[in-house]
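K.L.:
Have a look at this one.
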Ligand SMILES: *Cc1c(COP(=O)(O)O)cnc(C)c1O
């Protein structure tokens, strides 16, 4: 019997793991969740003696149990190579200022999205074979910056796929934009959307939910799938590094602090906890767009507020899609109603009796000044340089530690290389307010390299002479016609 996934909005809509990965989103617009959480087949002691790929297999086999051992190992061995990652453990853990920074940015696009998006194309094309699918898979992705490039890098020239990425035209950093618009590959398509991330994400969701359109393109030989973290093929590989990190520490308990946007990364930590990792607190760190902090404080989710562009753009999100999976744990069959309220009114609240399911989480947020101070503090005390997203988590953790006196060993998810947001990092370290977006990005990178003692990553230096290959711009209601154009 294999593990069954079902929609958060209708438990009768079921799928195996490979079918859920192919579909991305359930047909009713809900998200696939496992009907039960499996248990690890190995002890933590045994896992602590394994390398990253072995731990990956032990975790992923539980959630993706309709893949054969051979299929899963093929996916893992092709994704986690020293060609795609600059470290043989894929991740690096740095002990600094009383916390463990789990660097998840050693993949090709220097953000943690590579951890999952390097394997998703293999999981997806294997799933297509298993399910006898003949159509070409079209990956539709809305990105707040980092997913786009990681998905493009993962899917470029993968046979049987096309990939279309939509990013908020003025809502990503210069390096993020350059990374996307210089992407090579016959099957890659990149568009700037006149709007913010939520506009792009809603536009993409509307295309997924448009039954008629999906039938039309199916006749032409295409099916849509998603590389966003709503796809369980994204979530499952992210559970791995929480298990891996814990088995390197083997402490009695552990806290995880996660800089959060779409709630995918921290949800993976929550699943790791349900697998048996002895987690004390899951600390959900937000920037000024603190919808999640307010939600954990009050039980009210309210997206009716100004969208704030921050220096941690990958967390500038007012609708955290993956929260729906946690809401399902709290609200069960009331999930659909709550999500409808979110869509219609932009607000919902959960009953006090439902709050139990959220009790493992602590919300926190950091404003720009606090985020800058966290970068400077780590640099001044340890000479260690972190990016703006990780710094939000670092600031939230410092405040949490001061308020609670909690001394549990704590892992902070370090989600991007500081070189991806070099200008903001330099300003924080130097106490300046230079508009680095106006400067040559290579000069910024070289200055940061001097300051940090880390050489400029290839992911940045290779942009220097890269040709701009994508110049498309569309309106938020023009997303469907862009997709139609690819699926001709
Ligand atoms: C995507 C991203 C986040 C947010 O992760 P979610 O899974 O969307 O919560 C945080 N930091 C960086 C650098 C990211 O790219």
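Since every read-out is calculated from the coordinates, none of them should be taken as a lab result. Being a predicted model, the structure only gives us computed values, none of them experimental. Every residue, glycine as well, gets a Cβ built from its backbone with ideal geometry; the counts of neighbours run over all protein chains shown.
K.L.:
Show me 355-367, 431-443, 195-207 ranked by packing, highest mean number of other Cβ atoms within 10 Å first. Walk me through the numbers on the way to the answer.
P.N.:
On the way: 355-367: 17.7, 431-443: 12.2, 195-207: 21.8.
So the order, starting with the most tightly packed, is 195-207, 355-367, 431-443.
K.L.:
How many angstrom lie between the Cα centre of the range 198-226 and the Cα centre of the range 397-454?
P.N.:
Value for the Cα centre distance between the two parts: 38 Å.
K.L.:
Here's something else I'd like to know. In whole angstrom, note down how far apart the Cα centers of the range 134-153 and the range 300-346 are.
P.N.:
Between the Cα centre of the range 134-153 and that of the range 300-346, the gap is 22 Å.
K.L.:
How much of the DSSP beta bridge set in the chain is antiparallel, as a percent to the nearest 5?
P.N.:
On the way: 15 of 53 bridges.
Restricted to the chain, the bridges split so that about 30 percent are antiparallel.
K.L.:
I've got another one for you. Please report the base-10 log of the normalised intensity I(q)/I(0) for the range 374-464, using a Debye sum with one equal scatterer per alpha carbon and no solvent, at each q in 0.10, 0.15, 0.17 (1/Å).
P.N.:
Debye intensities relative to I(0), on a log10 scale: -0.28, -0.59, -0.73.
K.L.:
Now for a separate question. At R0 = 41 Å, how high is the FRET efficiency between residue 333 and residue 382 if r is their beta carbon distance? Nearest 0.05 is fine. Walk me through the numbers on the way to the answer.
P.N.:
Values: r = 49 Å, r/R0 = 1.19.
Step by step, r from the Cβ atoms, then E = 0.25.
K.L.:
To continue, here is another question. By the gyration tensor of its Cα atoms, with a ≥ b ≥ c the square roots of the eigenvalues, what is the shape of the range 1-119: rounded for a/c under 1.5, prolate for a/b over b/c, or oblate?
P.N.:
Details: a/c = 1.83, a/b = 1.66, b/c = 1.10.
Because a/c hits 1.5 or more and a/b exceeds b/c, the range 1-119 counts as prolate.
K.L.:
Can you work out the PRE-style zone for residue 220? Point 7 Å along Cα to Cβ, and I want the residues of the range 166-204 with backbone N under 17 Å.
P.N.:
Zone members listed by number: 187-190.
K.L.:
Where does the chain land on Rg/Rh, using Cα atoms and the Kirkwood Rh? Intermediate results must be reported in sequence, preceding the final value.
P.N.:
Details: Rg = 20.9 Å, Rh = 22.4 Å.
With Rh from the inverse mean 1/r over Cα pairs, Rg/Rh is 0.93.
K.L.:
Let me ask something else. Calculate, in nm to one decimal, what residue 2 and residue 443 gain on full extension: separation in residues at 0.36 nm each, minus their alpha carbon distance. Could the numbers behind the result be given before it?
P.N.:
Details: separation 441, 0.36 × 441 = 158.76 nm, distance 5.30 nm.
Gain on extension, residue 2 to residue 443, equals 153.5 nm.
K.L.:
Can you work out the FRET efficiency for the pair residue 294 and residue 37, with r the C-beta to C-beta distance and R0 = 30 Å, to the nearest 0.05? Let's see the in-between values first.
P.N.:
Details: r = 28 Å, r/R0 = 0.92.
Given R0 = 30 Å and the Cβ-Cβ separation, E is 0.60.
K.L.:
Another one. If you rank 138, 172 by fewest surrounding Cβ atoms within 10 Å, what's the result?
P.N.:
On the way: 138 21, 172 24.
Exposure proxy ranking, most exposed first: 138, 172.
K.L.:
What distance in nm separates the simple spin-label points at residue 461 and residue 87, each placed 7 Å from Cα in the Cβ direction?
P.N.:
Placing both labels 7 Å along Cα→Cβ, they lie 1.9 nm apart.
K.L.:
Using Cβ counts within 10 Å as a stand-in for footprinting exposure, how do 173, 286 rank, fewest first? Numbers along the way, then the final one.
P.N.:
Details: 173 23, 286 27.
Neighbour counts put them in this order, fewest first: 173, 286.
K.L.:
Using Cα centres only, tell me the gap between the range 80-99 and the range 1-75 in whole Å.
P.N.:
Going from one Cα centre to the other spans 24 Å.
K.L.:
Sort the following peptides by mean Cβ neighbour count (other Cβ atoms within 10 Å, averaged over residues), highest first: 324-337, 446-459, 389-402.
P.N.:
Numbers: 324-337: 18.9, 446-459: 16.0, 389-402: 25.0.
Put in order of decreasing packing, that is 389-402, 324-337, 446-459.
K.L.:
On to the next question. Ignoring everything except DSSP H segments at least 4 long, calculate the 222 nm mean residue ellipticity for the chain; use -39,500 (n - 2.57) per segment, divide by total residues, nearest 500. Write out the running numbers ahead of the final one.
P.N.:
Working: 21 runs with 214 residues, N = 488.
Helices in the chain give a 222 nm mean residue ellipticity of -13000 deg cm²/dmol.
K.L.:
How many times 2.2 N^0.38 Å is the alpha carbon radius of gyration of the range 140-187?
P.N.:
Details: Rg = 10.3 Å, N = 48, 2.2 N^0.38 = 9.6 Å.
This ratio for the range 140-187 stands at 1.07.
K.L.:
Which order do peptides 242-248, 91-97 fall in by mean Cβ count within 10 Å, highest first? Could you put the intermediate results ahead of the total?
P.N.:
Values: 242-248: 22.9, 91-97: 15.7.
Listed from highest to lowest mean packing, they are 242-248, 91-97.
K.L.:
Hey, quick one: spin label on residue 304, modelled 7 Å out along Cα-Cβ, who in the range 261-290 has an amide N within reach, i.e. under 20 Å?
P.N.:
289-290
K.L.:
Further question: What are the principal axis extents of the Cα atoms in the range 262-323, in Å, biggest first?
P.N.:
39, 25, 18
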